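Engineer: Before I ask anything, let me first share the structure, which is written out below as structure tokens.
Read the figures in this text as sums done on the coordinates, not as results from a lab. No experiment lies behind these values; they were computed from the predicted model shown. FYI the Cβ positions are ideal-geometry reconstructions off the backbone, even for glycines, and counts take in every protein chain you see.
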Amino acid sequence: MRMRAGVPAAILPGVITRSNPDTLHAPDGYHHVTIAEAGRTAYLAGQCPVDTDDQLVGVGDVLAQVDQVVANCLLALRAAGAEPDQVVRSVVYVASDEQPVLAAVWERLQDSPLAPAFTTASTLLGVTALGYAGQLVEIDLTAALS
């Protein structure tokens, strides 16, 4: 999905505004600028692909790990009283330097219930390693609370 440059997308009118300046390239699915009006903000710790017993899920399977991270992000957002469309910043870490792996993660996120979180100011990074042995994905979210 392509967002048109220069066309603002108002989310939670008066609270969150997302836009793409005409002076920058048209991003693929996210916005260059997200403005959250003053108020309460929730900063979520990086969500990992672990279950409630702190066990890594999907060893060796990046897409299974994405699914677990998405589930954990949704739980953490709801615990903060937020939904995915209230996310104002996301950072996705993938333990890979292969562009097809990074693209597959991004596509899986775009098809997930967390997808509205990635229409905001978002960054996708390939990294060397993450905190758990065998961990392939982690997501860090910031949400504006209404």
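Engineer: Compute the distance in nm between two label points, each set 7 Å from the Cα along the Cα-to-Cβ direction, one at Val33 and one at Arg78.
Structural biologist: 3.5 nm
Engineer: At most 12 other C-beta atoms within 10 Å and a DSSP loop state: those are the exposed trypsin sites (Lys or Arg not before Pro) I care about. Give me the longest piece of the chain that has none. Intermediate values should be presented prior to the final figure.
Structural biologist: Values: sites that count: Arg2, Arg4, Arg40.
After excluding every exposed loop site, the longest remaining stretch is 41-146.
Engineer: At what distance in nm do the modelled label points of Thr41 and Gln110 sit from each other, each positioned 7 Å from its Cα along Cα→Cβ?
Structural biologist: Each label point lies 7 Å from its Cα, and together they span 2.8 nm.
Engineer: While we're looking at this one, here's another question. If you stretched the chain out fully between Asp61 and Ala26, how much longer would it get, using 0.36 nm times the residue separation minus the C-alpha to C-alpha distance? Mind dumping the intermediate values first?
Structural biologist: Working: separation 35, 0.36 × 35 = 12.60 nm, distance 3.14 nm.
Net length gain for the segment: 9.5 nm.
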